[in-house]
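A short write-up of the structure that comes next.
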Amino acid sequence: MLRTRALEIFLARIEARAFRIASIALSNEADALDAVQEAMIKLARRYASRPEADWAPLFHRILTNSIRDSLRRRRVRTRWLMPFRAERAEEAAPAWPEPADPAGDPLAGLEAEEAWRILAEGLRSLPDRQREAFVLRALEGFDVAQCAQAMGCSEGSVKTHYFRAVHALRGRLEER
């Protein structure tokens, strides 16, 4: 019972950040919600008995795999099933769900919203592994070892992907 409660607390704490990660990668709220829900269910069913310290890297690994599966399904549908509808779907700009602070300065809220939108666009333009390394290191606060575990690669690989992502994003942001 205590274990179940700890898992519920963990999932509640990580839900908004996981949705943000999936939204960046998938550019579609419905697909992002599906990926997060799938990752949460898999973690609860398969890994609830693991130590709590293992849950965060495991969850991010599961979420990453769910996102990749969703992108793979989308590519198949786009290529073979819906070639004309896909063109219209790519034209629509995805919404970035980052609410402004109502108590704060409205101008600062707009600037923060614009900064998140630019960051999300930059992240979407990165290769999958670079985006994953950046999100885990910069937004989630994982150390290199935790990122390596979550990404299923070496620590050196994490450092390389993160370095490349930072430089690509910095270049993109400097253009603006």
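Within segment 134-160, can you find the residues that are out of contact with any Leu (no Cβ under 9 Å at 6 or more places or on another chain) and either crowded, with 20+ Cβ neighbours inside 10 Å or on the phi > 0 side of the Ramachandran plot (or both)?
LEU136, ARG137, GLY141, ALA148, GLY152
When segment 14-32 is examined, which residues are found to be in contact with a Leu (Cβ under 6 Å, 6 or more places away or on another chain) and at pLDDT below 90?
Correct list: ILE24 only.
Is it true that some residue in segment 44-61 is among the basic types (Lys, Arg), over 24 Å from PRO127 (Cα atoms), free of Cβ contacts under 8 Å to residues at least 24 places away in the same chain and in a helix (DSSP H, G or I)?
Taking segment 44-61 as the starting set, the residues that turn out to be among the basic types (Lys, Arg) are 45-46, 50, 61.
Those still in the list that are over 24 Å from PRO127 (Cα atoms) too: 45-46, 50.
Narrowing further to those that are free of Cβ contacts under 8 Å to residues at least 24 places away in the same chain: 45-46, 50.
Applying the additional criterion that residues be in a helix (DSSP H, G or I) yields 45-46.
Yes.
Restricting attention to segment 33-55, which residues are over 22 Å from PHE134 (Cα atoms) and either touching a Leu at 6+ places or on another chain (Cβ under 8 Å) or buried (at least 21 other Cβ atoms within 10 Å of the Cβ) (or both)?
LEU43, ALA44, TYR47, ALA48, ARG50
The values are calculated or read from the model by the stated rules, or taken from the named source; none is laboratory data. All of these numbers come straight from a predicted model, not from anything done at the bench. No Cβ is skipped: glycine too gets one built from the backbone with ideal geometry, and neighbour counts run over all protein chains shown.
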